[in-house]
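> Let me begin by handing over the structure; questions about it come next.
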Amino acid sequence: MAQQQQDDAGSGTLKYFGSQMKLFRGRAGMSRDELGDRLGYSGYTVASVEQGRRVPQQEFVEQADELLGANGVLRAGIPFLLEARFPSWFVDFALLEADAVSMHSYENHVLPGLLQTEAYARAVHAGYCPTLDDEQVEQRVTARLSRQAVLERKPTPTLGFVIEETVLRRPIGGAAVLQEQLRRLLDCQRMRHVTVQIMPLNRQTHSGLNGPMVLLETPERKNLVYIEAQSGSFVISDREEVSALTQRYGMLRAQALTPEESVRFVEQLAGEL
């Protein structure tokens, strides 16, 4: 029930914003196609926003506010629309991630969202079950890519990733998509505040068999752990649990290849494609 209420809340935000934009468009005497032309979008996109089916980008909202003479009313909705971009169960983590001082992630199925290329992210969402329609796929891809602003954020966060070798060998989207993704991973590995380590398949001891996790430190220096599962996710704040998972992540880093070995490993994989 709580999950449904959160989903309804997100949908309600989009519908309310859409109704306000439609009201201001009507007052300005513009058709959807006319507004779309002036914004650089199609009339169909404008209709999707007004009907609450599409999350508008910040630039779209700011330009619409000015063109329609909304005097900041539409712009005031931007923080709430940013939250509506993500599935309801992911919103809390997305907000924490955006301001994190440090994050350390372990992944065993797909590349971490912060490191994904657009093509890889689209292939991941296109394979979702139950199937998402094209608009939903594009919306989720846009939201995922927007999170990558944290890589360039100032002050610079400390980011660490331990990734299973099998993730790098799984050709999601095809060989060309995977090769582009591996090249992107190498680019990220060259960032001084990013550490990437690969967990090789031939490890005989492995401390991460319980699944993926993200260790996160807030600006207030509070340590949290984010866990994602099939039907949702949760954030752990209990000190004992956080301590145990932090110890586990430390063992994972010790068991994985070093950052330098990981670069050579990814280079080799990319060269084989």
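> Among ASP37, ASP92, which is open to solvent by 20 Å² or more (accessible area, probe 1.4 Å) and out of contact with any helix residue (DSSP H, G or I) (no Cβ under 9 Å at 6 or more places or on another chain)?
Step by step, each of ASP37, ASP92 is checked, and only ASP92 is open to solvent by 20 Å² or more (accessible area, probe 1.4 Å) and out of contact with any helix residue (DSSP H, G or I) (no Cβ under 9 Å at 6 or more places or on another chain).
> Give me a count of the residues in region 155-183 that are under 25 Å from ASN202 (Cβ atoms) and in contact with a strand residue (DSSP E or B) (Cβ under 8 Å, 6 or more places away or on another chain).
8
> Take region 251-264 and flag every residue that is open to solvent by 40 Å² or more (accessible area, probe 1.4 Å) and not aliphatic (A, V, I, L, M).
Within region 251-264, ARG253, THR258, PRO259, GLU260, GLU261, ARG264 meet the criteria.
> Would you call GLN204 of a type in the set (S, T, N, Q), within 19 Å of the chain's Cα centre (by Cα) and under 18 Å from VAL162 (Cα atoms)?
Considered against the rule, which asks whether it is of a type in the set (S, T, N, Q), within 19 Å of the chain's Cα centre (by Cα) and under 18 Å from VAL162 (Cα atoms), GLN204 comes out as no.
> If I go through region 163-198 residue by residue, how many of them are touching a helix residue (DSSP H, G or I) at 6+ places or on another chain (Cβ under 6 Å) and hydrophobic (A, V, I, L, M, F, W, C)?
Result for region 163-198: 10.
> Name the pairs whose Cβ atoms lie under 7 Å apart, with the first residue in region 1-23 and small (Gly, Ala, Ser), the second at pLDDT 50 or above and open to solvent by 60 Å² or more (accessible area, probe 1.4 Å), and 6 or more positions between them or separate chains?
GLY18/GLN51
> Please determine, by comparing only the residues of region 61-81 that are surrounded by 19 or more Cβ atoms within 10 Å (Cβ to Cβ) and at pLDDT below 90, which one is farthest from the chain's Cα centre (by Cα).
GLY77
> Oh, and also: Within region 139-171, which residues are open to solvent by less than 70 Å² (accessible area, probe 1.4 Å) and acidic (Asp, Glu)? Steps first, answer last, please.
Let us first name the residues in region 139-171 that are open to solvent by less than 70 Å² (accessible area, probe 1.4 Å), namely 139-151, 153, 156-157, 159-168.
GLU164, GLU165 - these are the residues of region 139-171 that are open to solvent by less than 70 Å² (accessible area, probe 1.4 Å) and acidic (Asp, Glu).
> A further question on this structure: Could you tell me which numbered condition TYR128 fails, if it satisfies all but one of (1) without any contact (Cβ under 8 Å) to a residue 24 or more places away in the chain; (2) among the aromatic types (Phe, Trp, Tyr); (3) surrounded by 20 or more Cβ atoms within 10 Å (Cβ to Cβ)?
Result: TYR128 passes all but (3).
> Go over the candidates GLU62, GLU97, GLU83 one by one and state the one that is at negative phi, without any contact (Cβ under 8 Å) to a residue 24 or more places away in the chain, in a helix (DSSP H, G or I) and of a type outside the set (Val, Ile, Thr).
The match here is GLU62.
> On to the next question. Out of curiosity, is ALA123 farther than 16 Å from MET191 by Cα, at pLDDT below 90, out of contact with any His (no Cβ under 9 Å at 6 or more places or on another chain) and not acidic (Asp, Glu)?
So ALA123 fails the test.
Condition check ((1) modelled with pLDDT of 95 or more; (2) under 15 Å from SER105 (Cα atoms); (3) not acidic (Asp, Glu)) across all residues:
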| site | (1), (2), (3) |
| --- | --- |
| PRO212 | yes, yes, yes |
| LEU224 | yes, yes, yes |
| GLN230 | no, no, yes |
| VAL235 | no, yes, yes |
| VAL242 | yes, yes, yes |
| GLN247 | yes, yes, yes |
| LEU252 | yes, yes, yes |
| ALA256 | yes, yes, yes |
| PRO259 | yes, yes, yes |
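> Just one of GLN57, GLN116 is under 28 Å from THR195 (Cβ atoms) and of a type outside the set (D, E, K, R); which is it?
GLN116
The values are calculated or read from the model by the stated rules, or taken from the named source; none is laboratory data. Quick caveat, the model's predicted, so the values are computed rather than measured. Positions of Cβ are backbone-derived with ideal geometry, glycine not excepted, and every protein chain shown enters the neighbour counts. Just so you know, the surface numbers come from the protein's heavy atoms only, side chains and all, with ligands and any DNA or RNA stripped out. Shrake-Rupley method; radii C 1.70, N 1.55, O 1.52, S 1.80 Å.
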